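The values are calculated or read from the model by the stated rules, or taken from the named source; none is laboratory data. What you see is a predicted model, and the numbers here were worked out from it, not measured in a lab. A quick note on method: Cβ atoms are made from the backbone with ideal geometry, for glycine too, and the neighbour counts reach across all protein chains shown.
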Amino acid sequence: MSEFPHFRVYSKLLLIFIVSASLIWGYKGYRSGRSDYKDPLETKLAVGDIDGWSITHFSQYALIGYICPYTGIIRTAFLVAVAWESFEFYLEHTINDSWWYAKVSDLAMNGIGLGAGYALSKGKRR
């Protein structure tokens, strides 16, 4: 394991993604079982399609940028973000489930979050 650079940091990244995916699937299950449930994360917050889900994207990726402040890992995290949004796009257009909706703004929020977390981690080390 010592031959794999940043093994512990990649392990943290994997853990963050596993916890996030588990929370999302759990929330989907909770929400889909209640037809009268209004998702508070769908509340529009700003211009365009920025909503509560956008804040969760920013927060998750800021955490990643802060905990895993290495260029290669940040690139990996962003590639995972692109893969996730592609997965959402596929589900949105193949199974016609309104729960899944891919937004370009989510990728922007992920990138801004990564940058903010990375900057905070660098400021902490001074």
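Looking only at residues of region 92-126 that are at pLDDT 85 or above and hydroxyl-bearing (Ser, Thr, Tyr), we find that the one that is nearest to the chain's Cα centre (by Cα) is SER105. Looking at region 58-69, is at least one residue assigned to a loop (DSSP other than H, G, I, E, B), in contact with a helix residue (DSSP H, G or I) (Cβ under 8 Å, 6 or more places away or on another chain) and free of Cβ contacts under 8 Å to residues at least 12 places away in the same chain? No, every residue in region 58-69 fails to be assigned to a loop (DSSP other than H, G, I, E, B), in contact with a helix residue (DSSP H, G or I) (Cβ under 8 Å, 6 or more places away or on another chain) and free of Cβ contacts under 8 Å to residues at least 12 places away in the same chain.
Inspection of region 73-86 identifies at least one residue that is more than 25 Å from HIS6 (Cα to Cα) and not basic (Lys, Arg).
Looking at this structure, is SER20 polar (S, T, N, Q), surrounded by 10 or more Cβ atoms within 10 Å (Cβ to Cβ) and more than 25 Å from ASP97 (Cα to Cα)? Answer is no for this residue. Residue count for region 89-113 satisfying the condition of being within 20 Å of SER32 (Cβ to Cβ) and of a type in the set (A, V, I, L, M, F, W, C): 6.
Can you confirm whether region 81-91 contains a residue that is crowded, with 18+ Cβ neighbours inside 10 Å, within 13 Å of the chain's Cα centre (by Cα), in a helix (DSSP H, G or I) and of a type in the set (Val, Ile, Thr)? So far as region 81-91 goes, no, none of its residues is crowded, with 18+ Cβ neighbours inside 10 Å, within 13 Å of the chain's Cα centre (by Cα), in a helix (DSSP H, G or I) and of a type in the set (Val, Ile, Thr). Contact map, region 78-106: residues that are touching a residue at least 12 places away in the same chain (Cβ under 8 Å) and closer than 19 Å to GLY26 by Cβ paired with residues that are among the acidic types (Asp, Glu) and surrounded by 11 or more Cβ atoms within 10 Å (Cβ to Cβ), Cβ distance under 8 Å, separation 6+ or inter-chain. Pairs shown: TRP100/GLU88; TRP100/GLU92; TYR101/GLU88; TYR101/GLU92. Once region 107-126 is narrowed to residues that are charged (D, E, K, R) and either part of a helix (DSSP H, G or I) or in contact (Cβ under 8 Å) with a residue 60 or more places away in the chain (or both), the residue that is surrounded by the most Cβ atoms within 10 Å (Cβ to Cβ) is LYS122.
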